[in-house]
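First comes the structure, then the notes that go with it.
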Amino acid sequence: MSMSADLILLICVIVVDVFLVLETLFFIVRRNASNNLIRLAFQNDEEGFEAACSSFGAKTLSAFDKKLIRFNVAEIKRDYPKMETLIKDFDAMDLKDSQKKKIYPKIFYYYIDRGRKQDAKAVYEKLSTFSVYKNKKEIDMSYDAYVSEGHRYLEDALKSLKRTAKRDLPYKEKLIAKMYENKGIHAEAKKYRRLAERHENELSQRS
C-alpha cells in the first residue's frame, strides 16, 4: 500500500525542519567554541586554549580555523613573534584554496606593515594565482604603492576614500600619502600622513 501524497509531504517537511534545527545548533556550538578560543587567546592562556581545543565544540573547527583565531588575535595585539610562528605553521600546512584566500591577504599586509617588500612580493605572487579573492583591488593598490613604488591607483584610492569605513581610514590615507610620495608630490603626501595620524589618534581614544 503506497503512502498518500499528503503523508509524503509531511515527512519531507519534518525532515527539512529537523535538518534546519541541527544546522542551527551546529552553528551555535561552533560560534560559542570560536568565541571561547578568541577569549583565551586574548588572555594569552595557552594552557586553557589547548584544553578548550579538545572540547566538542572546538572539534567542529579545523586546525586551520584555530590557527587563524590565534593569528587574528596576534594581529590585533601586534604580537609579531607570535605572527611569525603562525606564518611558518601555515606554510607547513596543506591549505585549501579557500583557506589560502583567507590567510594570504593577512600575511601580505603583515609584510607590508613590516616593510618586508620581498616577502610581500612572494605572497602577492601566490595570491595572483586566484582571479578572485576578498579585497583584491586594495591589495593590488598596496602592492603597487609599497612594493613597486608606484602611484598607478592614486585616483581610485582617492575616490574610494569617501566610502571607506572610519576604522580603515588611517591605512587608506597612508596608502594615498605613499602614492603621492612616489609621484613626487610631497605636500599632498604630508597632508594625508597628517590625516592618517589624526584618525589613528581618534580611533585609539575610542577604544
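The values are calculated or read from the model by the stated rules, or taken from the named source; none is laboratory data. None of these values were measured; they are calculated from a predicted model. Backbone-built Cβ (ideal geometry, glycine too); neighbour counts: all protein chains shown.
Can you find a residue that is within 22 Å of F108 (Cβ to Cβ), under 21 Å from the mean Cα position of the chain (by Cα) and not small (G, A, S) anywhere in the stretch 179-197?
no
So is K106 assigned by TED's automatic domain parsing to the domain that holds P81, surrounded by 13 or more Cβ atoms within 10 Å (Cβ to Cβ) and in a helix (DSSP H, G or I) or not?
Considered against the rule, which asks whether it is assigned by TED's automatic domain parsing to the domain that holds P81, surrounded by 13 or more Cβ atoms within 10 Å (Cβ to Cβ) and in a helix (DSSP H, G or I), K106 comes out as yes.
Residues in the stretch 157-167: is at least one buried (at least 18 other Cβ atoms within 10 Å of the Cβ) and not in a loop (DSSP other than H, G, I, E, B)?
Yes, because at least one residue in the stretch 157-167 is buried (at least 18 other Cβ atoms within 10 Å of the Cβ) and not in a loop (DSSP other than H, G, I, E, B).
Search the stretch 33-81 for residues being more than 18 Å from the chain's Cα centre (by Cα) and under 21 Å from Q99 (Cα atoms), and hand back the single one that is surrounded by the fewest Cβ atoms within 10 Å (Cβ to Cβ).
The residue in question is K59.
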